[in-house]
1. Check the straight Cα-Cα distances from K83 and name the lysines below 16 Å, setting aside those fewer than 8 residues away within the same chain.
2. When the helix-only estimate is applied to the chain (DSSP H runs of n ≥ 4, each -39,500 (n - 2.57), divided by the residue count), what is the mean residue ellipticity at 222 nm, nearest 500 deg cm²/dmol?
3. So how far, in whole Å, is the C-alpha centre of the stretch 49-72 from the one of the stretch 13-38?
4. Would you mind ranking S135, S58 by Cβ crowding within 10 Å, fewest neighbours first?
5. Tally Lys and Arg at +1 and Asp and Glu at -1 over the other residues with C-beta under 15 Å from the C-beta of R129: what net charge comes out?
6. Looking at (i) 11, 45, 37, 6, 0; (ii) 12, 38, 30, 15, 4, 1, 0; (iii) 11, 31, 29, 16, 6, 4, 3, 1, 0, which value of P(r) over Cα pairs in 10 Å bins from 0, in percent comes from a calculation on the structure shown?
7. Determine, for R48, R129, R34, the number of other Cβ atoms within 10 Å of each Cβ, and report the residues in order from fewest to most.
8. Sorting Y87, Y130, Y29 on the 10 Å Cβ count, fewest up front, what's the list?
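Every read-out reported here was derived from the displayed coordinates using simple, explicitly stated rules and does not represent laboratory data. From a predicted model like this one, the values you see are computed outputs, not experimental measurements. Every residue, glycine among them, receives a Cβ derived from its backbone with ideal geometry; neighbour counts consider all protein chains shown.
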Amino acid sequence: MNSNGPVIIIEDDIDDQEVLAEVFQALGYPNEVRFFHDGNAALDYLNRTDVIPFLILSDVNMPKIDGFALREKVKMDAKLQVKCIPYLFFTTSASQQAVIDAYSMSVQGFFVKENSMDALKETIDLIMRYWKKCSSPNNFNK
């Protein structure tokens, strides 16, 4: 994890991308926010860049490859494992089984997208503040 690295958002809904871009801009975090429409595009980026992202916010239901399959690919890729990128699900709806499945895959968080802009800002701010404070092998402060 690189606390100054980009936030990777994998979201196929353009409206949700625009709202999330607005939220990140309003919160004022210096991290670049990079959007990907599907998991394959995000995986290609993660495999070809030397930049260590700050975290991944992934939708669950996406075309081509869903969030669960993408998580498995990231988790099983030795090159990506050493980057220690927190992987969180950020989705419109969830079932108890989806949450169980996510945590059994070592997902570091499962969040349901809020309906109001204020609640969405609060959730994103909470996520960002938590991970900014968190120590990781690539971001260890004594």
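1. Cα-Cα hits under 16 Å: K73, K75, K132.
2. Estimated from H runs of four or more residues: -13500 deg cm²/dmol.
3. The stretch 49-72 and the stretch 13-38 have Cα centres separated by 15 Å.
4. Starting with the residue having the fewest Cβ neighbours, the order is S135, S58.
5. Around R129, the charge tally is +1.
6. (i)
7. Ascending number of Cβ neighbours within 10 Å: R48, R129, R34.
8. By the 10 Å Cβ count, ascending: Y130, Y29, Y87.
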